[in-house]
Every structure is written in structure tokens, then in C-alpha cells.
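Okay, structure first, notes after.
The values are calculated or read from the model by the stated rules, or taken from the named source; none is laboratory data. The model shown is predicted, which means the values in this text are computed figures rather than measured ones. Ideal geometry is used to build each Cβ from the backbone, glycine not excepted, and the neighbour counts take in all protein chains shown.
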Amino acid sequence: MKRLALILTLLAAPLWAVQPDEVLGDPVLEERARELSKGLRCLVCRNESIDESNASLARDLRLLVRERLVAGDSDKEAMDFIVARYGEYVLLKPDVTGANWLLWAAGPLMLLVAGGVGFAYLRRRQTAKAPTEAPLSTDEQARLDEILRR
């Protein structure tokens, strides 16, 4: 039973797509490269980081990150270089600057608008007068009685 639990645990662990030939010899640089790779989106897979993706473009991006770090770039310089080349879409978590603030605020704003519309609808419905119905005429009442007798 313990073996089964161990096997299932190993199978559930995330598998990284980094190939052995991509790994840097310096463990500090490799750790920095891994951290940067976790924040970059695979442009083929969309919602996977380049560290998790097996796409060839993700491999190219991983190599580019490592190349920039080996060249002496800081983490920020390496990220700025990649964003300048591929655009902000390459970031898994874009900054809340420029036009991006509207995208970040759209969800909460829509929730507030929907809540306001719902509140106004319920408030108006609560204060509305109930429709008044005219009593049945004698002909209508006679017809209803006849239908109910059948």
C-alpha cells in the first residue's frame, strides 16, 4: 500500500519540460532561470509557463532566458528584454500599468454594476403597486361555474 501511495505521489508531481542540455552548469544561474521561466507564458500553449511546456517555442524562450543570464543581465533586464521582443502577453501575470489596469478592474467593476442593477430591480419591484384585477362579470362567473361543474 505504501508503494502505491509513493507511485501516485510521484505521478502527481509536476513534470518540467526543461531538457538536460538546457540546464546551466552554475546552480545559482539555473535557479534564477527557473524562477524567470515560471513567470513567462508559452505562446503556443497559452496558460502554461515555458518551464512546463514542451513546445519548441517554449524551449527557445528557456534558452533565451539562460543566454541573457549568462551574458550578465539581471533578472529585470532579462525579463525586460523578453517583454520588449514578445510583448506583455508573454508574462503570465502582467503588470497593472497602462491599459492593463482596465483588464484587472473589469471583473470587480462588472460585479458592482450587476449588483447595482439587481438591487435597483428588487427595490423597484418592492415599491411597485400590485396589479388590481377587476371582478368577474356575471356572464364570466356563470361560464366559470359551468366549466367547474363538468
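Computed values, structure above
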read-out	value
All helices (runs of 4 or more DSSP H) inside region 36-150 with 3 or more residues being within 23 Å of ASP26 (Cα to Cα) and among the acidic types (Asp, Glu)	75-86
Qualifying position, being within 16 Å of ALA33 (Cβ to Cβ), of a type in the set (Gly, Ala, Ser) and either at pLDDT 85 or above or surrounded by 11 or more Cβ atoms within 10 Å (Cβ to Cβ) (or both), among SER53, SER137	SER53
Within region 64-96, tally of residues that are among the hydrophobic types (A, V, I, L, M, F, W, C), surrounded by 13 or more Cβ atoms within 10 Å (Cβ to Cβ) and out of contact with any strand residue (DSSP E or B) (no Cβ under 9 Å at 6 or more places or on another chain)	5
Among residues of region 70-128, those that are closer than 19 Å to CYS42 by Cα and in contact (Cβ under 8 Å) with a residue 40 or more places away in the chain, counted	10
